[in-house]
Structure formats: C-alpha cells, structure tokens
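The structure under discussion is supplied below as structure tokens; questions concerning it will follow.
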Amino acid sequence: MIAALMEDRKRIDRAIACLETLAGEGDTGRSRRGRTSMPEAERQKVSLRMKRYWDRRRKARGPRVDGGSR
C-alpha cells in the first residue's frame, strides 16, 4: 500500500511540475537575460563617477592637436 501511494505521489509531482512549467512558474533551467534596472540614485552616482573619470582622462591626454571631434 505504501509503495502504491509513493507511486501516486511521484505521478502527481510530475504533473504539478509540468503544469508549473506551462504556466511559467516552474524552473525551466533558463537564466534570465538582459540588464537589471538600476535605481535613480545609483544611476546618478555612476554618472558623476564616470564624468570625473573622463575629465581626468582628457586632462591627462592634453589638448587635441588636430582639433577634431572624434
């Protein structure tokens, strides 16, 4: 009797897993792609940090000789 109940349990677990996959709730083994969103405050910090970074790079390089805007 226990073996029969265990077999029923396996069958039900497989059915639930299949239904979850069809509904998009189960673990399909695929990783989520794309970028995650960044809070506005963090975006501002990154923006300021990168502006300082590029300002330092420009100063270290010196003035452009050709006058171009590449």
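Throughout, read-outs are computed from the coordinates displayed, never taken from laboratory work. Keep in mind that what you see is a predicted model, and the values were worked out from it rather than measured. All Cβ positions, even for glycine, are placed from backbone atoms using ideal geometry, and neighbour counts span all protein chains on display.
Near residue 45, within a Cβ-to-Cβ distance under 15 Å, what is the net charge of the other residues, with Lys and Arg +1 and Asp and Glu -1?
Counting the neighbours of residue 45, the net charge comes to +2.
What are the ³J(HN,Hα) couplings of region 36-45, residue after residue, when phi is run through the Karplus curve with 6.51, -1.76, 1.60 and θ = phi - 60°? Round to Hz, x for glycine and proline.
These are the phi-based 3J(HN,Hα) values: 8, 6, 10, x, 4, 4, 5, 4, 5, 4 Hz.
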